Each structure stands twice: as structure tokens, then as C-alpha cells.
Amino acid sequence: MNYCIIGTGNMAFFLAKRLTAAGHQCDGIYGRNKDAAEELASSVNSTVYERINDIKDNPDLCFLAVADNAIDTIAKNISFSNTVLVHTAGAVDISVIAGSARDCAVLWPIYSIMKNNLPNHRDIPCAWEANTNKASKYIQSVGHGVTDILFEAKSDLRNWLHLAAVIGNNFINHLMAICEEICIDHSLPFSTVQPIIEQTFELMKRSSPHNLQTGPARRGDYITLHKHNLLLQSHPLWQHIYKDISVSIESMYKDIPKEKILNR
């Protein structure tokens, strides 16, 4: 199949390189950053559209690989009757682009994509959605060129999945950044806590996170919780996060007998 891409960010680079490697032909790249558009086009042996209006209703698919809040605005400049219009966002409904093309689809890789460190493996879960049989056929065809883990998820389910991804990726990364700052502030090497962080994620490959929970909130160790609360007095935002997560952990396990908690 042939395709075009609107956008020059991380997702655009990922899709263009994956699809081209899978044998699909890139008809052109459009982006406000001309240098980035030329770089991407050159890497997949394609050309650059000077204006968004230069994109004709010819490619099999056109990917809107742009920021979530820009999809609606850019889609209003498009009108396709033959090309399948695809956006790549997890938390944007397919209806947002429905007025711009007869055949619409979504392809959302559930992965943190960085163009300077693109993944080489194919174990990248991708959710797809389509509003017509044609769009369904096309998006699944190119989707298999991107990943070995492809599944259908309509907008309402994809919103929940996006929420889970934000908590599991963005929130955890923020907690790691706080952890790193605490170490830096007290002249402690961040490397001393990295093994336990790595251990946590290794264990989650083999067991449910619910069953792996440990720590003072899980044990009901209020002496330690209070001590940590005092240490965080100079960082009220971090203190708030610590309190809320501790309460959430305690609440999740409140029906478990105290003896069982203490003997973990």
C-alpha cells in the first residue's frame, strides 16, 4: 500500500520507517518544520509536500501523526473520499476526524516512541479502530507491518487503556524523577536504588502487581509513614503524592487481615 504522513515528530518517524521497511510506499511527508519533513522524507525515499493542500486524495492511507490537540484543527483542512484518514492518538475519538474522510481509522502504538531511539523489536502493542470495512481492512494490513501485537479497541475502551498507560508510564516516570532528585539533594547516587526499581519491573513480568505490593503502607507501618511525611515537609507536592498513594495502597488491601499484612 502507499501512504502519506502529516507530522514530523516521534510517531511520524516511527511509522514511516516501520511501514517502509514492511514494503509500503510513502507518497509524501507534510510538516510545519520543513527541515524535519525533508529529513524524514529522505530517510524513506519520499518527497515533501509544501502545503497541506498539496496532499491529493490518492494514497491508500494518510496518517495524522501530530499532537493530540492538533488533530481536530488539521483534519478540518482535509477532505478525502478515497484515502483512509488515520490518527495515531490513544485518547482522541475516531469521530474527531469523521468529517474529513469517508473512511477513517486509528492506529495507536502503546509505547513511548522517541525518534532518536526507535525500537527495533515488534513487541509493541497497537490498538486499532475503523469506521468502515475498507478502513478496517487497510488499517489491519499496515498494522501488521508495524507490530506482531495488533488488536481492536474502540474509542471508549482506548480511553481507558490510555489512562492506564499514562499511570503506568508517565506517572511512574515522574515518581522516578522525584526519587532521583531526593538522591541528588542528599548526595546519594541514584544508582543505589536502580536495582530495586529494575527488580520491581522484572517481578511484574511473572506476577500481578497487586500480589507484589510491599512497603510501609502495605504493612500498616504508621511509624515509618509518619517519619517519611516529616522528611517531605520541605516538598509539599511530593508530600501530597506520598500521602495519597499510601492511602490508596492501604485502601486496596484493607480487607486483608492485619496478621497477614505484617507477616509478608
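The values are calculated or read from the model by the stated rules, or taken from the named source; none is laboratory data. Quick caveat: nothing in here was measured; it's all calculated off a predicted structure. With ideal geometry, Cβ positions are generated from the backbone for all residues, glycine too; neighbour counts draw on all protein chains shown.
Quick rundown of the values:
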item: Output for segment 71-102, where each listed residue is over 23 Å from the mean Cα position of the chain (by Cα) and not in a loop (DSSP other than H, G, I, E, B); result: PHE80, ALA101
item: Selection within segment 108-120 - among the polar types (S, T, N, Q) and either closer than 14 Å to ASN131 by Cβ or in a loop (DSSP other than H, G, I, E, B) (or both); result: SER112, ASN120
item: ALA130 under 22 Å from LYS17 (Cβ atoms) and either touching a strand residue (DSSP E or B) at 6+ places or on another chain (Cβ under 6 Å) or not assigned by TED's automatic domain parsing to the domain that holds ASN10 (or both); result: no
item: Set GLU50, GLU38: member being over 21 Å from VAL142 (Cα atoms), of a type in the set (Asp, Glu) and part of a helix (DSSP H, G or I); result: GLU38
item: Scope segment 94-135; condition closer than 20 Å to PHE80 by Cα and without any contact (Cβ under 8 Å) to a residue 12 or more places away in the chain; matching residues; result: ASN133
item: Of all residues making up segment 1-28, the number that are touching a Ser or Thr at 6+ places or on another chain (Cβ under 9 Å), assigned to a loop (DSSP other than H, G, I, E, B) and surrounded by 24 or more Cβ atoms within 10 Å (Cβ to Cβ); result: 1
item: Criterion: farther than 19 Å from PHE171 by Cα and either surrounded by 12 or more Cβ atoms within 10 Å (Cβ to Cβ) or touching a strand residue (DSSP E or B) at 6+ places or on another chain (Cβ under 9 Å) (or both) - qualifying residue of GLY220, GLY215; result: GLY220
item: Residue in segment 250-257 that is of a type in the set (Phe, Trp, Tyr) and modelled with pLDDT of 95 or more present; result: no
item: Test result for CYS179, part of a helix (DSSP H, G or I), surrounded by 10 or more Cβ atoms within 10 Å (Cβ to Cβ) and touching a residue at least 12 places away in the same chain (Cβ under 8 Å); result: yes
item: Unmet criterion (only one of (1) in the same structural domain as SER95 (by TED's automatic domain parsing); (2) over 30 Å from ARG18 (Cα atoms)) for SER136; result: (2)
item: Any chance GLU50 is over 25 Å from the mean Cα position of the chain (by Cα), surrounded by 14 or more Cβ atoms within 10 Å (Cβ to Cβ) and over 25 Å from HIS162 (Cβ atoms); result: no
item: Pairs with Cβ under 9 Å, 6+ apart, first in segment 230-252 and touching a residue at least 40 places away in the same chain (Cβ under 8 Å) and within 11 Å of ALA217 (Cβ to Cβ), second among the charged types (D, E, K, R) and in a helix (DSSP H, G or I); result: MET252/ARG218
item: Selection count where residues are among the polar types (S, T, N, Q) and within 19 Å of HIS240 (Cα to Cα), scope segment 165-186; result: 2
item: Only one of ALA105, ALA127 that is outside any loop (DSSP other than H, G, I, E, B), within 16 Å of LEU15 (Cβ to Cβ) and over 17 Å from the mean Cα position of the chain (by Cα); result: ALA105
item: Residues that are among the polar types (S, T, N, Q) and in a helix (DSSP H, G or I), drawn from segment 53-70; result: ASN53, ASN69
